[in-house]
Amino acid sequence: MIELKTISKVYDNNIVALQNINLNIQEGELVVLKGVSGSGKSTILSLIAGLLKPTSGDVLVDNKHISKLPDHFCSDYRRDTVGFIFQKYNLIPTLSVQENILLPLVPLNPDEKELHVKLENVMNMFQIEHKKDVIVKNLSGGEQQRTAIARANVNNPKIILADEPTANLDEKLSKEFIKILQSLKKLKKTIIVATHDPLFFDLDFVDKMIELHNGKVVCC
Ligand SMILES: Nc1ncnc2c1ncn2[C@@H]1O[C@H](COP(=O)(O)OP(=O)(O)OP(=O)(O)O)[C@@H](O)[C@H]1O
Ligand SMILES: [Mg+2]
C-alpha cells in the first residue's frame, strides 16, 4: 500500500537525510521506525504525508505517485488519506477541544449533521468528550494528546503517521497511547510510528521494525 522506491532526500544545505531507501508497507500494518536523532525518521513521515518531495526516487500510496503530485492534489491526498500525530500536538491553544478536532474538515464544507456525527465519534473513541468545550491550553498533556489523536482521525484516514508520539508523555500516558495504537490497528489502519522510545520495541502487535542510521535502513 505504501512503497518507497530508492528514495533519497538532500536538504537545501546539502545535508543528506535519506539515501536509497526502499520500503514496502502493507495495508493494516503497524510499523515502528526507530533510529537515533537525525537518522531520518521525520523525513520519511513527511515524504509519505506528501509534505516533502524526495530529491530522487518515488513514493507510492495505493499505486498513486505521491511524490509527483502537484501541491494542491497533495493537500487533498493528505486531508483524505493521512492522519498526522505530532510530538508537540500542533493544536491551536486558544481554541476549544471540539474546534481543534474539526479543523481538518473545514475546507470540506461538510453539512452540520455529518460534522456532528464525526466529531462525537472520535471524541468518544479517544475519551475526550467530557472536555469538548475546554480551551486546549487548559488541558493536561494526556488530554492534549487525545485531542490531537481525535483530530488526526476525524476524517477517518487510512494512514496514521505518528512522530515521537510519547516524547512528552509520562510512562502511564505512554502506555495509554499504546492501547490507543492497538485499537487503531484493530480498525485496520496502516500506522507508522517514528520513535526512540523503547516502549515500542517489543510490542507483540507490531508488524515491522525498521531501523534507520544516517539515512539508511540498517535493519528490517
Ligand atoms: N528542513 C530541513 N532543512 C535542512 N536539514 C534538515 C531539515 N529537516 C531535517 N534536516 C536534517 O536531516 C537529517 C534527518 O532529520 P530528521 O528530522 O528526519 O531526523 P529524525 O530521525 O526525525 O531525528 P529526531 O529523532 O531528532 O526527530 C538531520 O541531519 C537533520 O538535521
Ligand atoms: Mg524527528
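Remark: accessible surface ordering of S42, S96 (largest first) is S42, S96, probe radius 1.4 Å.
With the simple model of a label 7 Å out from the Cα in the direction of the Cβ, V117 to T6 spans 4.7 nm.
Of the residues R151, R78, ranked by 1.4 Å probe accessible area with the largest first, the sequence reads R78, R151.
Net charge in the neighbourhood of K34 (other residues with Cβ under 15 Å of its Cβ; Lys, Arg +1, Asp, Glu -1) is -3. Which percent of the Cα-Cα distances in segment 2-219 go past 32 Å? The calculated P(r) of segment 2-219 puts 17 percent of pairs beyond 32 Å.
For I160, the residues whose modelled amide H falls within less than 5 Å of its own, excluding neighbours fewer than 5 places apart on the same chain, are G83, T190, I191, I192. Could you work out how far apart the two model spin labels at E27 and R79 are, taking each label as a point 7 Å from the Cα in the direction of the beta carbon, and quote it in nm? If labels sit at E27 and R79, their model points lie 2.4 nm apart. Atom-type composition of the exposed protein surface of segment 1-129 places 51 percent of the accessible area on carbon and sulfur (1.4 angstrom probe). Once the Cα-Cα distance is subtracted from the 0.36 nm per residue extended length, the H196 to V134 segment shows a gain of 19.1 nm. Grab the other residues whose beta carbon is less than 15 angstrom from that of V217, score K and R as +1, D and E as -1, and report the net. After counting each charged neighbour, the total is +4. Averaged over its residues, segment 2-219 has an accessible area of 49 Å² per residue, based on protein heavy atoms and a 1.4 Å probe.
Cross-link pairs exceeding 26 Å in C-alpha to C-alpha distance, out of K5/K186; K53/K118; K131/K175; K34/K118; K41/K131, comprise K5/K186; K53/K118; K34/K118; K41/K131.
The values are calculated or read from the model by the stated rules, or taken from the named source; none is laboratory data. As the structure is a prediction and not an experimental result, all values here were calculated from the model. In this analysis, Cβ positions are derived from the backbone assuming ideal geometry, glycine residues included, and neighbour counts consider all displayed protein chains. Each accessible area value is taken on the protein alone, full model and side chains, heavy atoms only, with ligands, DNA and RNA left out. Shrake-Rupley method; radii C 1.70, N 1.55, O 1.52, S 1.80 Å.
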